[in-house]
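Have a look at the structure below, then the notes.
The values are calculated or read from the model by the stated rules, or taken from the named source; none is laboratory data. Worth saying up front: this structure is predicted, and the values here are computed from it rather than measured. Because the Cβ atoms are built from the backbone with ideal geometry, glycine has one as well, and the counts that use them run over all protein chains shown. Side chains included, ligands, DNA and RNA excluded: accessible areas come from the protein's heavy atoms. Shrake-Rupley method; radii C 1.70, N 1.55, O 1.52, S 1.80 Å.
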Amino acid sequence: MGIDRRLLYNVDWVLLGSSLALTLVGVAMVYSATHSGRSPDLYLKQLALVGVAVAGLLVTATLDYRRVADRAILLWGLSVVALLYVLRFAPVIASTRRWIVIGGFQLQPSELVKVAAAVFVAKVFAEYRQETLGLRDVALPGAAVGLLAVLIAREPDLGTAACLAPLFLAVAFLAGLRMRAVFGLAAVILLTAALAWPFLEDYQRTRIYTFLDPSLAPRGAGYQQIQSQIAVGSGGLLGRGFLEGSQAQLGYLPARHTDFVFSVLAEEMGFLGVVVVLGLYLLVVWRMLETARLARDRLGAFLVAGITASFAFQVVYNVAMVAGLVPVKGLPLPLMSYGGSSVLSSLTGIGLVLSVRMRRFAN
């Protein structure tokens with residue numbers, strides 16, 4: 001696959017470097033969280049998965065994002081088919097159907113659906129020519145994205161499904177959705193969430209109850225939240241040191257290499273380590289927003305905005321969850337949590353952002 005060498009002069013090396021730095025910090029934290037457990041070599045698997053994800057980034061950066069967007073409907077259709085396949089044929093793992101097992105690896109289609117949804121929404125709204133949009137104008141693309149969210153929620157995976165909401169709202173707002181319509185759409189989403197309460201699984205309701213008061217189930221649903229807060233609070237200014245965190249090393253903190261990897265970082269690297277990592281995330285988001293501003297067309301700006309909104313929402317929610325500010329959900333920290341599908345989704349999305357940046361002067 002060839003690429004115009006002139007495009008290399010427009011690569012955002014800051015975005016690329018900060019993204020890769022976060023993945024390497026993630027590998028180190030996965031090692032720290034698992035080296036003394038039953039899977040001490042898990043970090044090597046994560047390193048291999050990062051290699052695959054970097055290849056995905058290079059592929060999407062090489063592709064012209066406009067050619068990718070021309071296949072937006074196809075990507076949306078394949079997303080629906082993949083999610084339906086998962087719901088019907090995927091093995092039940094931890095009481096959910098989320099993964100397709102390929103060889104010795106597990107692929108989570110819902111993670112890649114976020115990238116496909118960003119392409120689809122950007123393409124649809126880029127073709128609108130009116131300066132302002134109302135609720136009627138966003139009803140059809142909203143229903144299409146809503147279908148993806150419902151299928152993901154059925155797995156169940158409410159965390160990943162929720163990532164589609166800020167993605168859609170950000171692009172719709174940039175496309176000209178009136179503020180009154182934005183508030184109306186937000187109200188519809190909140191009302192839908194409220195009406196979904198009777199359909200939630202028991203463990204999902206319990207997570208909300210224990211978020212309000214973790215002491216209701218200190219050895220049950222509230223255990224993760226309590227142990228996470230202990231880990232974060234015990235890190236202090238400089239942390240306990242790499243491989244020295246008691247919550248992670250003694251196994252008190254569940255899901256420490258996946259959803260709660262940030263807790264491991266906070267305990268072992270302390271406040272300064274947290275500031276550095278959050279600074280890297282802020283740098284990634286800032287460079288993405290800068291790319292949206294510099295994009296040569298509406299399609300590029302909308303595509304980057306959608307990817308950025310989903311990425312930023314996931315970072316903010318995961319960090320807030322670790323700190324006990326929001327209910328616990330199975331939502332990994334982008335680029336750092338263990339899992340090939342998550343890092344592949346994040347880096348392929350960043351690859352599309354790089355594609356937009358590289359082609360802002362192209363004919």
Task: Members of segment 137-155 found to be crowded, with 19+ Cβ neighbours inside 10 Å and not in a helix (DSSP H, G or I), listed by number - done: Glu155
Open item on the list: Among the residues in segment 35-48, are any closer than 29 Å to Ala144 by Cβ, in a helix (DSSP H, G or I) and not basic (Lys, Arg)?
Closed with: no
Open item on the list: Suppose we filter segment 81-101 for residues that are open to solvent by 70 Å² or more (accessible area, probe 1.4 Å) and within 20 Å of Lys114 (Cβ to Cβ); how many remain?
Closed with: 4
- [ ] For segment 135-158, name all the residues that are over 11 Å from Arg98 (Cβ atoms) and of a type outside the set (A, V, I, L, M, F, W, C).
- [x] Arg136, Asp137, Pro141, Gly142, Gly146
TODO: Go over the candidates Leu24, Leu57, Leu47, Leu78 one by one and state the one that is crowded, with 20+ Cβ neighbours inside 10 Å and either closer than 27 Å to Glu267 by Cα or within 21 Å of the chain's Cα centre (by Cα) (or both).
DONE: Leu57
- [ ] Mind telling me which of the residues Ala181, Ala196 ends up being open to solvent by less than 70 Å² (accessible area, probe 1.4 Å), more than 22 Å from Phe262 (Cα to Cα) and modelled with pLDDT of 75 or more?
- [x] Ala181
- [ ] Quick one: count up the residues across segment 122-136 that are closer than 17 Å to Gly306 by Cβ and open to solvent by 10 Å² or more (accessible area, probe 1.4 Å).
- [x] 5
